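Enquirer: Got a structure for you, written out below as structure tokens; questions coming shortly.
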Amino acid sequence: GRKMSQRPDTKARKIMSDEGLCVNTKKTAGHVPGHPPSNRYFLRSEMGCLGVHFPPLTGIDYCTSKEIPSGCPEFAISIVNSGCYQDDDDKGEQLIYTGQGGCDLLGNKKQVSDQVMRAGNKALVGNIELGIPIRVVRKNKDAASEYGNIFIYDGLYDVVKYWSEKGVEGFDVFKYLMIRRPEQAELLSKSLAFGGTSAPKNHSIDKDISNGLERIPVSSINRGVSLPLLRYIVEYEFDENMPQPEPRVLPANFKNNPHDYVKELNGGSMPYSKNKNNHFIVDCARAMIFECGPWTGCPDGIHCGYAVSQQGLQWRLEVFKTRFKGWGVRSWDTIPVGSYITTFVGRVHRIEDCDGSKDDTFYFDLGKRTDFGWDNKPIEEGHDMCVLRTSACNLDQETKYYVDGGETGGMSRYINHSCDPNLYVQPVLCDHADVDMPKICLFAAKNIPPFEELTYDYGPQYIRENLDGKCNCGAVGCQAPAE
């Protein structure tokens, strides 16, 4: 890899430092203002600019004798547990941390010499003497981020004791027992282990609520409360006597160039393009997206890059119990802006058959959408091509059908409302031409870091009719905040 001084993030940090743009520049113990536990960072340079952890490479950040009152022992303010030391033992709430030094960090990651009681190692002993907690940041693998990792601030830990012992490679290492302080936000780093064989006390795990129907398992972590009963499906089911949409047929003159026809349906441009990680993402919010697929005779079928919504889940998603809003959904992965997330599925009914006798909490009208795209502009105003397609597709006519995802549905039924959402609704047509019955797909409206709850805007009518005009989303600028 590139030297630290040559990396663009390192250069950016130096520029920001030189121009006085960094914040929290004075070393301090405890939480950093504006950075509570569960905050996520993509780069060490980012943490340095924000005052969370200053060193660009070493794992222990500490106050030297020049930065503290005379006679006070040096003490550490933060550590980054990156998994580089073989002798670490991380159980989440309890961490046995290996001191610094003697490890071939740039080579085989093994201990090659004894550790010495100085610098950060000595400072951690000062934390024991003074009773000062340290910030613990963990590095987690994340293939979608720029450098393959993401850093999560997991809160304050007390350094309880330390000792020296022979490590795995036979060299002397220092060990520090650290215990997480109570009454802090959820420990996000260890959530990645919930898909394994153990869970915290009073929690239960379902490794895949889709029972194998999704291409990537959808896990759930339940805090003593079971998920509502749901017959899981991944495609629409139709009510009895419902008209089935006619399959779309490729015109004969496009037989040798099916993508040209898909481009024509989309107003002259393909709706998806590759990002730097070779993921196909939507280029902008549209009134309707027309996808390629088996109906075109495309040799790639549903695996075509222009058949994104037909390929199923792309991200590791988890259903979890939120604090105030019931069940919610979050991702274990970084999700780039414009990425397909999922489709709202359930049983399709006629609007005229809805008599108001059932709970409509999980109803979704298959009508014209006016959601905001990832550039935060309304579809009708923000994209001229969408205006043309709106007219061509007759999307201004009355809604004919709705989807009920209550008792029969998918993971999408658990995605909550927010007045400041990170997803948006995008109608998609795949293998038929009935614009009254599109797939209701959800796409990322912004870059979404791991463990951030996924949300979309249900609209003012839902807040008015289902929430009695009082919204609990908690977003800044909420449309109707509950008092």
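Enquirer: Hey, which of the strands (runs of 3 or more DSSP E) in region 389-478, taking only ones fully inside, have at least 1 residues that are modelled with pLDDT of 90 or more, out of contact with any Phe, Trp or Tyr (no Cβ under 7 Å at 6 or more places or on another chain) and not polar (S, T, N, Q)? Give the derivation first.
Expert: Working: elements: 401-404, 423-429, 439-444.
In region 389-478, the matching strands (runs of 3 or more DSSP E) lie at 423-429, 439-444.
Enquirer: Now a separate question. Among the listed residues 207, 161, which satisfies the condition of being of a type in the set (Lys, Arg) and at pLDDT below 85? Walk me through how you get there before you give the answer.
Expert: Working: 161 fails: at pLDDT below 85.
After applying the criteria, what remains is 207.
Enquirer: Just to be sure, is residue 341 at pLDDT 95 or above and either assigned by TED's automatic domain parsing to the domain that holds residue 139 or buried (at least 18 other Cβ atoms within 10 Å of the Cβ) (or both)?
Expert: On the way: at pLDDT 95 or above: yes; either assigned by TED's automatic domain parsing to the domain that holds residue 139 or buried (at least 18 other Cβ atoms within 10 Å of the Cβ) (or both): yes.
The answer is yes for residue 341.
Enquirer: Residue 103: farther than 14 Å from residue 153 by Cβ, surrounded by 21 or more Cβ atoms within 10 Å (Cβ to Cβ) and touching a Lys or Arg at 6+ places or on another chain (Cβ under 9 Å), yes or no?
Expert: Details: farther than 14 Å from residue 153 by Cβ: yes; surrounded by 21 or more Cβ atoms within 10 Å (Cβ to Cβ): yes; touching a Lys or Arg at 6+ places or on another chain (Cβ under 9 Å): yes.
Criteria met by residue 103.
Enquirer: Name the residue, out of 250, 313, 265, 317, that is more than 22 Å from residue 443 (Cβ to Cβ) and modelled with pLDDT of 90 or more. Can you show your working first?
Expert: Numbers: 313 fails: more than 22 Å from residue 443 (Cβ to Cβ); 265 fails: more than 22 Å from residue 443 (Cβ to Cβ); 317 fails: more than 22 Å from residue 443 (Cβ to Cβ).
So the residue among 250, 313, 265, 317 that is more than 22 Å from residue 443 (Cβ to Cβ) and modelled with pLDDT of 90 or more is 250.
Enquirer: Go through (1) aliphatic (A, V, I, L, M); (2) under 18 Å from residue 216 (Cα atoms); (3) within 21 Å of the chain's Cα centre (by Cα) one by one and return the number of the condition residue 282 breaks.
Expert: Going through the list (1) aliphatic (A, V, I, L, M); (2) under 18 Å from residue 216 (Cα atoms); (3) within 21 Å of the chain's Cα centre (by Cα), residue 282 breaks only (2).
Enquirer: Using beta carbons and a limit of 8 Å, which pairs, at least six apart or on different chains, have the first residue in region 108-133 and over 10 Å from residue 74 (Cβ atoms) and in contact (Cβ under 8 Å) with a residue 12 or more places away in the chain and the second one among the basic types (Lys, Arg) and not in a helix (DSSP H, G or I)?
Expert: 128/161; 133/181
Enquirer: Suppose the filter is modelled with pLDDT of 90 or more, surrounded by fewer than 20 Cβ atoms within 10 Å (Cβ to Cβ) and within 22 Å of the chain's Cα centre (by Cα); does residue 328 pass it?
Expert: Values: modelled with pLDDT of 90 or more: yes; surrounded by fewer than 20 Cβ atoms within 10 Å (Cβ to Cβ): yes; within 22 Å of the chain's Cα centre (by Cα): yes.
Yes: the conditions hold for residue 328.
Enquirer: Tell me the residue from 71, 30, 83 that is among the small types (Gly, Ala, Ser) and modelled with pLDDT of 85 or more, please. Talk me through it step by step, then tell me what you get.
Expert: Working: 71 fails: modelled with pLDDT of 85 or more; 83 fails: modelled with pLDDT of 85 or more.
Exactly one residue qualifies, and that residue is 30.
The values are calculated or read from the model by the stated rules, or taken from the named source; none is laboratory data. All values derive from a computational prediction rather than experimental measurement. Here the Cβ is made from the backbone with ideal geometry for all residues, glycine too, and neighbour counts use every protein chain on show.
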